[in-house]
Ligand SMILES: NC(=O)c1ccc[n+]([C@@H]2O[C@H](COP(=O)([O-])OP(=O)(O)OC[C@H]3O[C@@H](n4cnc5c(N)ncnc54)[C@H](OP(=O)(O)O)[C@@H]3O)[C@@H](O)[C@H]2O)c1
């Protein structure tokens, strides 16, 4: 098996995150940003020109029909992830789809089953999982060097400019804090402790009826707990603090992106820094390429089960705060 084979990428949706991902893709060994697609041809041309891409399509459908593309990165608003992913998978294109994977468990399950049926790779772009500092923390916890986890506090809040028609505040586009940024503290709880036994949640809603802030408390066996918070109307520290039996790990701000950690024990406080030369999206892209070249339909890290748990937790929290998108 030649793991140095070139992989041709397509980008579907030329918005903000697509730019960051495209920048990183240019640094990934054996990756070619081969084509991009936008709903309008002019936008695709402009986006493609910025990265030296010549196959710039004015429709998502055209992109999926290009026989030279191996994998498509989906970077549209949440509500379109389901239909965009099915479109790609049914054209036998591997998919890396932005978070949240889709709007509910039923959609996620259909996406997974479609990937399996077509024997094509599919992964949710939970990029944090692949970052060096986060991997270090998970390995450290698994080593039991500081004993078992007792609690987690994690938050992600930023003050977005209110704009009722844009993705973050627009309910029709899946707006709100939980699905956009709350997914990271929830993901931290799942990856660090696992699926909880008991869930409580509350939220505050704004003029556009989306959750502008959300607080989630998770309870596990032996009184292990997680306190999670997110917001799109105020900046919060955006850090994760993991209390263990014999020490505390701080994943420093902002914990979900390339960052540092501080390990605090009775005798010392030790800062560990990690050198990351890209925006951080290169790590998930490298993993996706490896999986595709190994002919896998599922990631060994961000597995289907992990995506199922994440959307189940999001659905449960939504039910508790009374947030419905239908
Ligand atoms: N992993 C991360 O760090 C990260 C960071 C930010 C966002 N995200 C995720 O990435 C996704 C996109 O976020 P973004 O901030 O890049 O959004 P954005 O700037 O609004 O871009 C989304 C793109 O989707 C396309 N689109 C298709 N139908 C649309 C519609 N009806 N209205 C608006 N746009 C439509 C548009 O591309 P065309 O006009 O080219 O078709 C648009 O530029 C979200 O699901 C978000 O959760 C992830």
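Laboratory data are not the source of any read-out in this text; all were calculated from the coordinates shown. None of the values given here were measured: they were computed from a predicted structure. We place every Cβ from the backbone using ideal geometry, glycine too, and count neighbours over all the protein chains shown.
With axes computed from alpha carbons, what is the tilt in degrees of helix 41-50 against the longest principal axis of the chain, rounded to the nearest 10 within 0 to 90?
So the inclination is approximately 70 degrees.
So if we plug the beta-carbon distance of residue 227 and residue 142 into 1/(1 + (r/R0)^6) with R0 = 22 Å, what FRET efficiency do we get, rounded to 0.05?
Details: r = 22 Å, r/R0 = 1.02.
Step by step, r from the Cβ atoms, then E = 0.45.
Extension gain residue 265-residue 217, at 0.36 nm per residue separation less the Cα-Cα distance, in nm? Could the numbers behind the result be given before it?
On the way: separation 48, 0.36 × 48 = 17.28 nm, distance 2.56 nm.
Taking 0.36 nm per residue and subtracting the Cα distance, the gain is 14.7 nm.
Would you mind telling me which residue in 153, 209, 289 has the biggest mean-square fluctuation in a Gaussian network model of the chain, where springs connect alpha carbons within a distance under 10 angstrom?
209
What's log10 of I(q)/I(0) for segment 132-275 at q = 0.11, 0.13, 0.16 Å⁻¹, Debye sum over Cα points only, no solvent?
-0.44, -0.59, -0.84
Could you work out the relative contact order of segment 1-118? I mean the mean sequence separation of Cα pairs under 8 Å and 6+ apart, divided by the number of residues, in percent. Don't jump to the answer; show the numbers that get you there.
Numbers: 213 pairs, mean separation 27.7, N = 118.
RCO, segment 1-118: 23 percent.
Please compute the Kirkwood hydrodynamic radius over segment 1-91, one decimal place, Å, based on all pairs of different Cα atoms. It would help to have the intermediate numbers written out before the result.
Working: mean 1/r = 0.0766 Å⁻¹.
It is 13.1 Å.
Quick check: Cα centre of segment 61-100 to Cα centre of segment 187-219, how many Å?
28
Using the Cα atoms as the points, what is the convex hull volume per residue of the chain in Å³? The partial results should precede the final answer.
Working: hull volume 43.6 nm³, N = 326.
Spelled out: Cα convex hull of the chain, divided by residues, is 134 Å³.
Pairs of Cα atoms under 8 Å, at least six residues apart: use those to get the relative contact order of the chain, whole percent. Could you put the intermediate results ahead of the total?
Details: 700 pairs, mean separation 61.2, N = 326.
Rounded, it is 19 percent for the chain.
To make sure I understand, if each residue's beta carbon is the centre and we count other beta carbons within 10 Å, what order do 24, 66 fall in, fewest to most?
Working: 24 22, 66 17.
Arranged by neighbour count, lowest to highest, 24, 66 become 66, 24.
Once the Cα atoms of helix 183-192 and of the chain are each reduced to a long axis, what angle between those two axes, in degrees from 0 to 90 to the nearest 10, is obtained?
60
What angle do you read, to the nearest 10 degrees and between 0 and 90, between the alpha-carbon axis of helix 132-143 and the longest principal axis of the chain?
Tilt relative to the chain: about 50 degrees.
Quick check: the distance between the Cα centres of segment 102-135 and segment 250-326, to the nearest angstrom?
With segment 102-135 and segment 250-326 each reduced to a Cα centre, they are spaced 12 Å.
Considering the Cα trace of segment 56-95, what is its radius of gyration and what is Dmax, both in angstroms?
Answer for segment 56-95, Rg first and Dmax second: 9.5, 27 Å.
Please work out the FRET efficiency for the pair residue 205 and residue 305, using the Cβ-Cβ distance as r and a Förster radius of 45 Å; give the result to the nearest 0.05.
Numbers: r = 32 Å, r/R0 = 0.70.
Working from the Cβ atoms, E equals 0.90.
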